[in-house]
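Quick notes on the structure that follows.
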Amino acid sequence: MNKITYKRLLAFFVLSFVCLQAWSQAAQPAAKSEGDRYMASAKAWTLKNDSVKCNADIRTAISIYLKKGQVREAAEAWLKMEEYYQFFHGTGYDKRIAYYEQALALFTSAGANDRAAATLNILGDFYQVESNFPKSLSALKKSLLLYQSTNKKDLQGLYDLIGSVNSRLGNYDEALKYGLLAVRTAEAVGDTSLMLCTIFNRLGVTYYTIKQYDQSLIYFQKSLLIAQKNHDVNSVILLAYNVANTLKLLHKPREGYLLMKEMERQYHPKDLENKIFVNICYLNMLVALKQPGPAKRFCDTLLRFASAMNENDRSQELIQQTAALYFMAAADYKNAKIHATKYQEIGRRTSNNAVLSNAYKTLYQIDSLAGDEVSELRNFRKYTELRNLLFNEKTTKQIAQLEIQYKTEKKDQELKSKESNIAILKKQAQLQATAQKLYIAATILLALLLGLSYNRYLLKQRVNRKLQVQQTEINLQNRSLTNLIAEKDNLLEEKEWLMKEIHHRVKNNLQIVISLLNTQSSYLSDDLAYKAIRESRHRMQSISLIHQKLYQSENLALVNMPAYIGDLVQYLSDSFDTASRIKFDVDIAPIELDVTKSVPLGLILNEAITNSIKYAFPQDADGKIKITLADLGEGNYELQISDNGIGTTAAASLSKSKTLGMSLMRGLSKQLSGTFTVENRDGLTIIIKFINEKLSKPIKNHQSLSS
């Protein structure tokens, strides 16, 4: 997400460094030394494209400078070596780092704090590009101390880089601290350049990482405005991509889609990398809008880009991951598995455990949806192993970082102590030269001052150590809490996934049983047996509908009763083919019930409606069946199923009938902790009153159903 910042910020620092180098050379005397002549010769060899002779002349110049005590000039020569290395198309960061480290040692010994600070700044950037974040953070903090000693004000770029490295290490509190400090510094010095664009983007990335999406959106939008003012197409497209992804997580994917559409219309991106970001953005937004059909052409475009690339291209990782997620959303599990496997191969080829972990997670989710339980279990185990491994690696890196910080601070304190002692000794020598007679008094006074200073120094060290131990404990506790919260979120997400899968499989198993009953009924010649199987099939379907509603709903515990009863009535009407002669009047209160109430209620409805259809309207007479579920308040509910059919003259005895249907309804009413009553009111009316004390709740914005 902050891909632009590394390359652009690094180029900015190197360019600034070269300018400072040119300024320092312009300030030198006109007469060239022997070392200067070799440096001029090295420059001449660049025009002839001879890297070997160029490097040889620079090394000779360095040797001459050091022999003559020109340490600073020797350091500048090492920086020229790095500059010419790039000129001759060198790409390895190991050599560039080695040249800068040689220059840093010489600048430090020459006491050139400004040049040492600038060198450390760029070294810190080199280290973070190489993913050596603890070493990067150490170099950047040393650079900050040296810059502060020179009273340099425009440090926003350095603060931003320190914040970015802390974010990569998982130190989000420190990342936010330095990111906000970079913003304040940039605003104080009036910086409105692309540097401020980078600062806002990195701060947005940090908030995005810790899932504070509202704050993340604010800084991404600020960064996008600056990129637009500077007409930087690459930055505009990437930042529009960041804004759109954040809007998607804030449940506003349509706004993200329209934003990218407008940016594409205004800036017409032509670079392949920009086109990749644009197509991925459209694809993700349309999937979030549940429009996999229109999203397909963007997926096809991305795969066409991927086929034209080298398999080691960095964009392959993002394209294959996005394609796998798209096909999974589109229920094309075969293609989803193909691209998830390619994504997995990229992680294995680059030894990137984070990519491998995500790949195995995607694979086990695909297997779960596709019903491949063996592969699902295998991939889930690998995902769990890699997730635990990544957690352990992160902990090890954090411990190493703390050790480096402790050693660095200890060395800085020792240097300060030595400098203090040297200053005191110089003062003593001056006093001896000006007044020999005061020597003894001055020595005694100096001894007292040293004793007092040392005593205060020991006290301060003791307090500092205690504070440092306390701060370390606080930081470790904060990180542990952050990890626990992240683990909790992952477990909740996996639990929800498994619950949906359970309801899905229960529904599928019931459908299999229904299919078996259908098959069996086709071989029966006995009408009674056929009717018994059909009634069993209806009962199974009433239960199956409940599990279908649960796995299709966001709420895995409660069943939406208006929707469920409406579907059940429609199913029974279609099954008995009564649409032309029997009308249904359905009036259901807007409530949701848990499974323990929904299943018996659904079976009672099935029995009652089936009885009315079969017996209330003889000789295919027209009629009406009314179903109501009323909320009587304080957890009391009443279910009525009535018809305007022929009724019965023995309603009271019918409620005690021992037929299977009536026995089943009486038993299910007891299971609901309710009462079962049968009345004769211009037809037959069945009344069930029950109490629900647990999970039922009203539904907002409900409209009654009728058919």
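The values are calculated or read from the model by the stated rules, or taken from the named source; none is laboratory data. What you are looking at is a predicted structure, and each value in this text was computed from that prediction instead of being measured. With ideal geometry, Cβ positions are generated from the backbone for all residues, glycine too; neighbour counts draw on all protein chains shown.
The residues of region 291-321 that are charged (D, E, K, R) and assigned to a helix (DSSP H, G or I), listed by number, are Lys296, Arg297, Asp300, Arg304, Glu317. Within region 138-192, the set of residues being crowded, with 19+ Cβ neighbours inside 10 Å and either in contact with a strand residue (DSSP E or B) (Cβ under 9 Å, 6 or more places away or on another chain) or among the hydroxyl-bearing types (Ser, Thr, Tyr) (or both) comprises Ser138, Ser143, Tyr147, Tyr159, Ser164, Ser167, Tyr172, Tyr178, Thr185.
Note on region 297-332: residues that are under 22 Å from the mean Cα position of the chain (by Cα) and farther than 25 Å from Ala370 by Cβ total 2. Taking first residues from region 342-361 that are at positive phi and partners that are outside any helix (DSSP H, G or I) and among the charged types (D, E, K, R), no Cβ contact under 7 Å between residues at least 6 apart in sequence or on separate chains turns up.
I need the full set of residues from region 304-324 which are of a type in the set (S, T, N, Q) and closer than 15 Å to Thr362 by Cβ, in order please. Can you show your working first?
To start, the set of residues in region 304-324 that are of a type in the set (S, T, N, Q) comprises 307, 310, 312, 315-316, 320-322.
Result: Gln320, Gln321, Thr322.
Among the criteria (1) crowded, with 22+ Cβ neighbours inside 10 Å; (2) among the hydroxyl-bearing types (Ser, Thr, Tyr); (3) closer than 30 Å to Leu258 by Cα, the one Ser315 does not fulfil is (1). When Phe200 is tested against (1) buried (at least 22 other Cβ atoms within 10 Å of the Cβ); (2) farther than 26 Å from Ser131 by Cα, only condition (2) is not met.
With the requirement that a residue be aliphatic (A, V, I, L, M), at pLDDT 90 or above and farther than 27 Å from Met540 by Cβ, what does region 586-631 give you? Answer for region 586-631, where residues must be aliphatic (A, V, I, L, M), at pLDDT 90 or above and farther than 27 Å from Met540 by Cβ: just Ala630. Considering region 546-556, the residues that are at pLDDT below 75 and under 21 Å from Ile604 (Cα atoms) include one that is surrounded by the most Cβ atoms within 10 Å (Cβ to Cβ), namely Leu550. Of everything in region 17-66 that's more than 18 Å from Gly90 (Cα to Cα) and in a loop (DSSP other than H, G, I, E, B), which residue is modelled with the lowest pLDDT? Per the criteria, the residue is Ala30. Out of curiosity, is Arg681 modelled with pLDDT of 60 or more, among the basic types (Lys, Arg) and surrounded by 13 or more Cβ atoms within 10 Å (Cβ to Cβ)? Taking the combined requirement at face value, the residue does not satisfy it. Close Cβ contacts (under 7 Å, 6 or more residues apart or on different chains) running from residues in region 86-109 that are free of Cβ contacts under 8 Å to residues at least 60 places away in the same chain to residues that are of a type in the set (Gly, Ala, Ser) comprise Phe88/Ser51; Ala103/Ala75; Leu104/Ala116; Leu106/Ala74; Leu106/Ala75; Phe107/Ala75; Phe107/Ala116; Thr108/Ala116. Kindly establish whether Glu273 is surrounded by fewer than 22 Cβ atoms within 10 Å (Cβ to Cβ), out of contact with any Leu (no Cβ under 9 Å at 6 or more places or on another chain) and in a helix (DSSP H, G or I). When the stated conditions are applied, Glu273 does not pass them. Taken over region 618-639, the criterion of being more than 50 Å from the chain's Cα centre (by Cα) and either farther than 18 Å from Gly661 by Cα or polar (S, T, N, Q) (or both) is satisfied by Pro618, Gln619, Asp620, Ala621, Asp622, Gly623, Lys624, Lys626. Tell me, yes or no, whether region 458-473 has at least one residue that is among the basic types (Lys, Arg), surrounded by 11 or more Cβ atoms within 10 Å (Cβ to Cβ) and at pLDDT below 85. Looking through region 458-473, none of the residues is among the basic types (Lys, Arg), surrounded by 11 or more Cβ atoms within 10 Å (Cβ to Cβ) and at pLDDT below 85.
Scanning region 633-643 for residues that are more than 13 Å from Leu684 (Cβ to Cβ) and modelled with pLDDT of 90 or more returns Asn636, Tyr637, Glu638, Leu639.
Applying the selection to region 378-393, what residues are among the hydrophobic types (A, V, I, L, M, F, W, C) and modelled with pLDDT of 90 or more? Outline the logic, then answer.
If we filter region 378-393 for residues that are among the hydrophobic types (A, V, I, L, M, F, W, C), which is where we start, we get 380, 386, 389-391.
Matches in region 378-393: Phe380 only.
Scan region 110-133 for residues that are within 32 Å of the chain's Cα centre (by Cα) and either surrounded by fewer than 18 Cβ atoms within 10 Å (Cβ to Cβ) or without any contact (Cβ under 8 Å) to a residue 12 or more places away in the chain (or both) and jot them down. Val129, Glu130, Ser131, Asn132, listed by residue number.
Does region 286-297 contain at least one residue that is within 22 Å of Gln320 (Cβ to Cβ) and crowded, with 23+ Cβ neighbours inside 10 Å? Taking every residue of region 286-297 in turn, at least one turns out to be within 22 Å of Gln320 (Cβ to Cβ) and crowded, with 23+ Cβ neighbours inside 10 Å. Taking region 569-617 as the range and being over 42 Å from the mean Cα position of the chain (by Cα), in contact (Cβ under 8 Å) with a residue 60 or more places away in the chain, crowded, with 18+ Cβ neighbours inside 10 Å and not in a helix (DSSP H, G or I) as the test, the residues that pass are Phe584, Val586.
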